[in-house]
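Encoded as structure tokens, the structure appears first; notes follow it.
The values are calculated or read from the model by the stated rules, or taken from the named source; none is laboratory data. In this text the structure is predicted, and so the values were computed from the model without any measurement. When we count neighbours, we look across all protein chains shown, and the Cβ atoms used for this are built from the backbone with ideal geometry, even at glycine.
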Amino acid sequence: MAEVFILLGGNVGDKSKIPEDAIKLIRERIGFITKMSSLYATESWGFVSDLFWNQVIILESTLDPHEILHNTQTIEREMGRINNSASYEARVIDIDLLYYDNLIINTPDLTIPHPKIGERKFVLIPLNELNPDKYDPVSGLTVRELLNRCQDQLKVDRIG
């Protein structure tokens, strides 16, 4: 079993129901969820939009990283995500694979750890809530250390 860290986010539709629906589908298709962070309301990163709701979950899975990516992209589409461009935009759901054990993967369709973890407080704050001592295999730092060094000034507020 691999330990997998996933970020859920979205800012379109019923923001209180969307994480629940995504978590249900992740449980059915990807693995057993062992921990869930609080929900956080966060300012949009890279564009102007309504607040996002974000949450990190940790799960155990027998699937390989590419199978997880395929499943998360399928879940996003089924939940109504429309990806019209390569730029940042409002969305119903975004499911990002942050870590898969301590693997480093860099392929055209998948990069693990997620390449922008250290730049985004909306990722680091819920991640730090769950596992501040998680080792980032690229930077060699813990999540706590990444958060302390993060320059992101956007607001991230715990909502539940």
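Of all residues in the stretch 110-125, which are touching a helix residue (DSSP H, G or I) at 6+ places or on another chain (Cβ under 7 Å) and surrounded by fewer than 19 Cβ atoms within 10 Å (Cβ to Cβ)?
Once the filter is applied, which keeps residues that are touching a helix residue (DSSP H, G or I) at 6+ places or on another chain (Cβ under 7 Å) and surrounded by fewer than 19 Cβ atoms within 10 Å (Cβ to Cβ), the stretch 110-125 yields only Leu110.
Applying the selection to the stretch 34-77, what residues are loosely packed, with under 14 Cβ neighbours inside 10 Å and either assigned to a strand (DSSP E or B) or aromatic (Phe, Trp, Tyr) (or both)?
Thr34, Lys35, Phe47, Glu60, listed by residue number.
Against the condition surrounded by fewer than 17 Cβ atoms within 10 Å (Cβ to Cβ), among the basic types (Lys, Arg) and modelled with pLDDT of 95 or more, how does Arg29 come out, does it pass?
Details: surrounded by fewer than 17 Cβ atoms within 10 Å (Cβ to Cβ): yes; among the basic types (Lys, Arg): yes; modelled with pLDDT of 95 or more: yes.
Answer is yes for this residue.
Only one of Glu67, Glu76 is under 23 Å from Leu103 (Cβ atoms), modelled with pLDDT under 95 and of a type outside the set (Gly, Ala, Ser); which?
Details: Glu67 fails: modelled with pLDDT under 95.
The conditions single out Glu76.
So which residues in the stretch 92-124 are in a strand (DSSP E or B) and farther than 15 Å from Leu7 by Cα? Quick ask: steps written out before the conclusion?
Filtering the stretch 92-124 for residues in a strand (DSSP E or B) gives 94-100, 105-106, 111-112.
Matches in the stretch 92-124: Ile105, Asn106.
Results for (1) buried (at least 21 other Cβ atoms within 10 Å of the Cβ); (2) of a type outside the set (Val, Ile, Thr); (3) modelled with pLDDT under 95; (4) farther than 19 Å from Trp53 by Cβ, shown as yes or no for each residue.
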site	(1), (2), (3), (4)
Pro108	no, yes, yes, yes
Leu127	yes, yes, no, no
Leu130	no, yes, no, no
Gly140	no, yes, no, yes
Arg149	no, yes, no, yes
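Which residues, counting only those in the stretch 48-60, are under 16 Å from the mean Cα position of the chain (by Cα), polar (S, T, N, Q) and at pLDDT below 95?
If the condition is that a residue be under 16 Å from the mean Cα position of the chain (by Cα), polar (S, T, N, Q) and at pLDDT below 95, then Asn54 is the only one that fits.
To keep it simple, each residue is scored yes or no on (1) of a type in the set (A, V, I, L, M, F, W, C); (2) at pLDDT 90 or above.
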| position | (1), (2) |
| --- | --- |
| Leu7 | yes, yes |
| Asp14 | no, no |
| Pro19 | no, no |
| Thr62 | no, yes |
| Asp96 | no, yes |
| Ile105 | yes, yes |
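Take Asn84 and tell me if it is polar (S, T, N, Q) and modelled with pLDDT of 95 or more. Spell out how you get there, then give the answer.
Working: polar (S, T, N, Q): yes; modelled with pLDDT of 95 or more: no.
Here the answer is no, as Asn84 does not meet what is asked.
Return the pairs, sorted by first residue and then second, in which the second residue is part of a helix (DSSP H, G or I), the first residue lies in the stretch 61-77 and is over 15 Å from Arg27 (Cβ atoms), the beta carbons are less than 9 Å apart, and the residues are 6+ apart or on different chains.
Glu76/Ala22
Can you name the residue in the stretch 151-160 that is aliphatic (A, V, I, L, M) and surrounded by fewer than 16 Cβ atoms within 10 Å (Cβ to Cβ) and, of all such residues, is farthest from Glu43 (Cα to Cα)?
As a first pass, look at the stretch 151-160 and keep what is aliphatic (A, V, I, L, M): 154, 156, 159.
Among the residues that remain, those that are also surrounded by fewer than 16 Cβ atoms within 10 Å (Cβ to Cβ) are: 154, 159.
Numbers: Leu154: 6, Ile159: 13 Å.
Ranking the qualifying residues of the stretch 151-160, first place goes to Ile159.
Determine which member of the set Leu154, Leu147, Leu127 is assigned to a helix (DSSP H, G or I) and in contact (Cβ under 8 Å) with a residue 40 or more places away in the chain. Steps first, answer last, please.
Numbers: Leu154 fails: assigned to a helix (DSSP H, G or I); Leu147 fails: in contact (Cβ under 8 Å) with a residue 40 or more places away in the chain.
Answer to the check: Leu127.
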